[in-house]
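*Asks:* Structure below; questions to follow.
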Amino acid sequence: MMLRGRFVLFLPRFVGLLMAACCLVTIIYMLACTPKGDNQQLSLPRVHSTTMKEEYEAILQEREEYHLNYIISLKKQIAQLKAELQGRSEQFKNIQDQHPDPLGIRLDHSNPEKAQANLLAFLRSQIDKAEVHSGIELPTEYAVVPFETFTFQKVYQLETGLTRHPEEKPVRKDKRNELIEVIELAVGSLNNPEGDGNGKHHVYTASDFIEGIYRTERDKGTLYELTFKGDTKHQFKKIVLFRPFGPVMKVKNENVNVADTLINVIVPLAKRASKFRQFMQNFREMGIQQDGRIHLTVVYFGNEQMNEVKLILENTSKSVNFKNFTFIQLNEEFSRGKGLDVGARFWKGNNVILFFCDVDIYFTAEFLNSCRLNTQPGKKVFYPVLFSQYNPSIIYGHHGSIPSLKQQLVILFWILFVSGGFDLDIKGWGGEDVHLYRKYIHSNLMVIRTPVRGLFHLWHEKQCLDELTPEQYKMCMQSKAMNEASHSQLGMLVFKKEIEKHLHREKWSKKKT
């Protein structure tokens, strides 16, 4: 009761103090919010002034105009932002319509029907983007994607690649299956025409197929145009098919650490000490100094020039403190396959990449990393396509002097095989490359076959010996012809006399005039 009485007495005082505080806050707020003029702050009008009403009205009108102008400015900014946002939204929608999101297609497992519809829309858009219904403007003649012609038995190709035959049977299983599938699909489409209610029409078979053309736009798909026999001699049926490429799909994302991956370079050798000295200069610069994760195995046949070769190895070892090399000597006739086999089996360490090499090979440090990235124990083997150097005396004969080796490694051509083989029955030159390659493709290993920038075969004069088998001798002579010069340069040599006669006539005619 006593506490309650004190509380009743204290309550009026507390209310009074609260009201006084509120009044004080109101006065301070009015002072702080008094508007300013151009040169001086507008003060509150004096209480006893005769113009108090007019001054208050002027102040209120000025503040009202200020706020109205500020609101108008904000509205303009909001309108501009809305317009810009709408424009950006329309741009984004147009991009989505033109390029459906492939990630949404393949990852939207919650709605498979929508994903399938998006995928079909994407595939149809590939037809619209490809050069199917009409041509497109191209910057130069080099931008034209050429067609290739095919029949039921053969393909007539423009870009011959490594086969060097413009006419060939589609021996590659994937290409053969692709063309057979297209012909069968065309036959099925011809025998089931849309909107044909008569029921009587010519029954087409694969024997009615005459020829077709096809080409692939790598970012869109493959276009096929097939021609079939018609009902009469001068009538034909033509059907156009398109195999659209789907969206890109992620298969793997992994980190690859090759810091501890060692490469064992195996070089079979007989004589040729001067070439080995040149090879070791490249090996020291690229393999030892720049890469550093490398081992060298030299398998030497016979005794002639052996001491000179061993001395080159020892000098290299001392100059750069290199100990990772093995020298194996065999007292028998040279066999590249035997040398590679012995060198590979001699290795007793942990897993290592075997680089079957020749003394005429020049490689870069980047190529060694390509070997590490394109091989995998028990899964992948790397079979690079290398550049081969032409005969410098033919290429630079008219210059008076031959440039340095690095300057020469510009005018080159692709050569088919580089890695060695293990056919021990092959003596002397050639053939083992193809044998090993065939073993690989008949196994479960994935063969990585690709041109590489950092691997070169240096030119040297080839000696095709009489003791070679007919097949080896033919391969040797073909390789010798390919190594001398390009097709046009060899042609210039063949027709050298005719060219000289023409130049002589031109020179003589100018003198007469």
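*Asks:* For region 315-346, how many residues are open to solvent by 70 Å² or more (accessible area, probe 1.4 Å), more than 19 Å from GLY287 (Cα to Cα) and not acidic (Asp, Glu)?
*Replies:* 3
*Asks:* ILE312 versus (1) in a strand (DSSP E or B); (2) surrounded by 16 or more Cβ atoms within 10 Å (Cβ to Cβ): which is the lone unmet condition?
*Replies:* Only one criterion is unmet by ILE312, namely (1).
*Asks:* Restricting to region 224-270, and then to whatever is among the basic types (Lys, Arg) and assigned to a loop (DSSP other than H, G, I, E, B), can you tell me which residue is most open to solvent (accessible area, probe 1.4 Å)?
*Replies:* Here the answer is LYS233.
*Asks:* So, one more: Can you tell me which residue in region 483-499 is nearest to PHE456 (Cα to Cα), limited to those that are part of a helix (DSSP H, G or I) and open to solvent by less than 100 Å² (accessible area, probe 1.4 Å)? Write out each step before concluding.
*Replies:* Let us first name the residues in region 483-499 that are part of a helix (DSSP H, G or I), namely 483-484, 487-494, 496-499.
From what is left, the residues that are open to solvent by less than 100 Å² (accessible area, probe 1.4 Å) are 483-484, 488-491, 493, 499.
Values: ASN483: 12, GLU484: 15, SER488: 22, GLN489: 20, LEU490: 21, GLY491: 24, LEU493: 25, ILE499: 33 Å.
That would be ASN483.
*Asks:* Now for a different question. Which residues, counting only those in region 291-304, are at pLDDT 95 or above and among the polar types (S, T, N, Q)?
*Replies:* Within region 291-304, just THR297 meets the criteria.
*Asks:* Starting from region 495-513, keep only residues that are without any contact (Cβ under 8 Å) to a residue 60 or more places away in the chain, then list their pairs with residues that are open to solvent by 100 Å² or more (accessible area, probe 1.4 Å) and not in a loop (DSSP other than H, G, I, E, B) whose Cβ atoms are within a distance under 9 Å, requiring at least 6 positions of separation or different chains.
*Replies:* ILE499/MET492
*Asks:* Kindly indicate whether SER388 is exposed (fewer than 15 other Cβ atoms within 10 Å of the Cβ) and closer than 27 Å to GLU461 by Cβ.
*Replies:* no
*Asks:* Let me ask another. For region 334-361, which positions are under 24 Å from GLU304 (Cα atoms) and either part of a strand (DSSP E or B) or not hydrophobic (A, V, I, L, M, F, W, C) (or both)? Explain how you work it out, then say what you get.
*Replies:* Taking region 334-361 and keeping what is under 24 Å from GLU304 (Cα atoms), we get 334-344, 346, 356-361.
Selection gives SER335, ARG336, GLY337, LYS338, GLY339, ASP341, GLY343, PHE356, ASP358, ASP360, ILE361.
*Asks:* What single numbered condition from (1) open to solvent by less than 60 Å² (accessible area, probe 1.4 Å); (2) touching a residue at least 12 places away in the same chain (Cβ under 8 Å) fails to hold for LYS480?
*Replies:* Condition not satisfied by LYS480: (1).
*Asks:* Determine if region 271-283 includes at least one residue that is in a helix (DSSP H, G or I), at pLDDT 95 or above and touching a Ser or Thr at 6+ places or on another chain (Cβ under 7 Å).
*Replies:* Yes, region 271-283 contains at least one residue that is in a helix (DSSP H, G or I), at pLDDT 95 or above and touching a Ser or Thr at 6+ places or on another chain (Cβ under 7 Å).
The values are calculated or read from the model by the stated rules, or taken from the named source; none is laboratory data. All figures in this text were calculated on a predicted structure; none of them were measured in a lab. Neighbour counts run over all protein chains shown; Cβ positions are idealised from the backbone, glycine included. Ligands, DNA and RNA are excluded from the accessible area calculation, which covers all protein heavy atoms including side chains. Shrake-Rupley method; radii C 1.70, N 1.55, O 1.52, S 1.80 Å.
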